[in-house]
Amino acid sequence: MKGEARVAMTPDSAKQLQKLGYDCAIETGAGQLAGFSDAAYEEAGVEIVKTAAALWKTSDIVAKVRIPTDTELKRMTAGKTLISFFNPGGNEEGLELARSKGANVIAMEMVPRISRAQKMDALSSMANIAGYRAVIEAGNNFGRFFTGQITAAGKVPPAKVLVVGAGVAGLAAIGASTSLGAVTYAFDVRPEVAEQVESMGAEFVYLDFEEEQQDGAATGGYAAVSSPEFREAQLAKFRELAPEVDIVITTALIPNREAPKLWLEDMVAAMKPGSVIVDLAAEKGGNVEGTVMDEKVVTDNGVTIIGYTDFPSRMAAQSSTLYATNIRHMMTDLTPEKDGQIVHDMEDDVIRGATVTFDKEITFPPPPPKVQ
Ligand code: NAD
């Protein structure tokens, strides 16, 4: 697909899929941008098919990365399985089309976040890459070192990096930032992440009233909307930090909502020229005032704001490897006899949770998982 460099099957994952009893096929050139040539696939026993249309027609199971288009969904026939990101919460039309075609759709973003399913958790795989890549992108747009240095030509202070939101992407950003030698601060509404942040060599930013910090915490490990008082305290702290920090990476998300605006215009204005902001929440409206989705803008005071939404695709070799592994694990669970036959067990919490259409029914949203 245009603008997408990832691929859902690698030569390595194809070998594993064959061990499950499947024949594998791929559209010609599909792995090219991720560094996997047709020759590499052929060597791994994969059939190269000339067109996507022919591939969809001849396959019983289709794995892909991006949400399928209507044209793609129309190629599905009764009993075929599609495994892909699907955005079921915002894709009623797609759900209805898949249902009407009798396709069984497994939406990778719906894999329940329970221990047993971690190996299939594509959201985490991709968030991890996005967090890492956000730091690399920031470094690429920052005119100075991350690490402090004492050189014959003078002393260089370390860069100061603030990571807002310490979920999967935030923790990956913290890891990349500290390993490059930057002084790294992190903030999250969930105080339980403070220990993880500190164990990675970063400093957790506490607000002045610790009790309230828990106000943002909700059940299930996700954040909820903060109270106005909490939000004010958070913004006051960010205002204090804005002139100090060189790089801000925002990753704050609240499930099923627009991203909270946390880094406001006056904070951007208070930053030093040459500072860089990477807004990983850009796709959900952004955490930063001034973010333009999929673009890089430079403000009047010389602050670069990056709103790209394709960070995993920018590291396509890595993200394809991890995504293809997530898919392969899903296929392993779907193929208990390793005989090339899918057993779509709707009693299995993980398979049930991720299945959004099955047997001509829309099965989204799923019931809450029984096992935690
Ligand atoms: P996410 O992408 O939904 O949100 C990113 C982070 O932003 C979260 O840490 C959230 O607390 C934070 N945030 C929200 N509002 C904020 C605000 N106003 N200010 C600052 N920070 C704010 O989160 P995620 O990365 O998907 O992870 C969510 C939780 O799920 C974490 O506890 C994570 O450890 C857990 N998780 C569990 C599994 C598993 O068990 N298999 C897998 C992945 C994640």
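Might you let me know whether region 157-173 holds any residue that is touching a Lys or Arg at 6+ places or on another chain (Cβ under 8 Å) and not in a helix (DSSP H, G or I)? Looking through region 157-173, at least one residue is touching a Lys or Arg at 6+ places or on another chain (Cβ under 8 Å) and not in a helix (DSSP H, G or I). Within region 78-92, the set of residues being without any contact (Cβ under 8 Å) to a residue 24 or more places away in the chain and either in contact with a Lys or Arg (Cβ under 8 Å, 6 or more places away or on another chain) or among the polar types (S, T, N, Q) (or both) comprises 87 only.
Residues of region 174-204 that are in a helix (DSSP H, G or I), at pLDDT 95 or above and either near the ligand (Cβ under 10 Å from one of its atoms) or under 13 Å from residue 234 (Cβ atoms) (or both): 193, 196.
The set of residues from region 116-131 being crowded, with 21+ Cβ neighbours inside 10 Å and either of a type in the set (Ser, Thr, Tyr) or out of contact with any helix residue (DSSP H, G or I) (no Cβ under 9 Å at 6 or more places or on another chain) (or both) comprises just one member, 125. Of the strands (runs of 3 or more DSSP E) contained entirely in region 1-84, those carrying at least 1 residues that are over 21 Å from residue 108 (Cβ atoms) fall at 47-49. Taking the criterion of being in contact (Cβ under 8 Å) with a residue 12 or more places away in the chain, surrounded by fewer than 19 Cβ atoms within 10 Å (Cβ to Cβ) and not hydroxyl-bearing (Ser, Thr, Tyr), the residues of region 285-313 that qualify are 285, 289, 290, 292, 293, 294, 295, 296, 301, 302, 310. Of the strands (runs of 3 or more DSSP E) lying entirely inside region 281-361, those carrying at least 1 residues that are touching a helix residue (DSSP H, G or I) at 6+ places or on another chain (Cβ under 6 Å) and on the phi < 0 side of the Ramachandran plot are 304-306, 355-358.
Filtering region 220-273 to residues that are more than 10 Å from the ligand (Cβ to nearest atom) and small (Gly, Ala, Ser) leaves 227, 233, 236, 242, 269, 270. When residue 49 is tested against (1) within 24 Å of residue 12 (Cα to Cα); (2) surrounded by fewer than 20 Cβ atoms within 10 Å (Cβ to Cβ); (3) without any contact (Cβ under 8 Å) to a residue 24 or more places away in the chain, only condition (3) is not met. Residue check: residue 207 meets all listed conditions (1) in a helix (DSSP H, G or I); (2) within 12 Å of the ligand (Cβ to nearest atom); (3) surrounded by 12 or more Cβ atoms within 10 Å (Cβ to Cβ); (4) modelled with pLDDT under 95 but one, namely (1).
The values are calculated or read from the model by the stated rules, or taken from the named source; none is laboratory data. Keep in mind it's a predicted model, so treat the numbers as computed, not measured. Cβ: placed from backbone, ideal geometry, glycine included. Neighbour counts: every protein chain shown.
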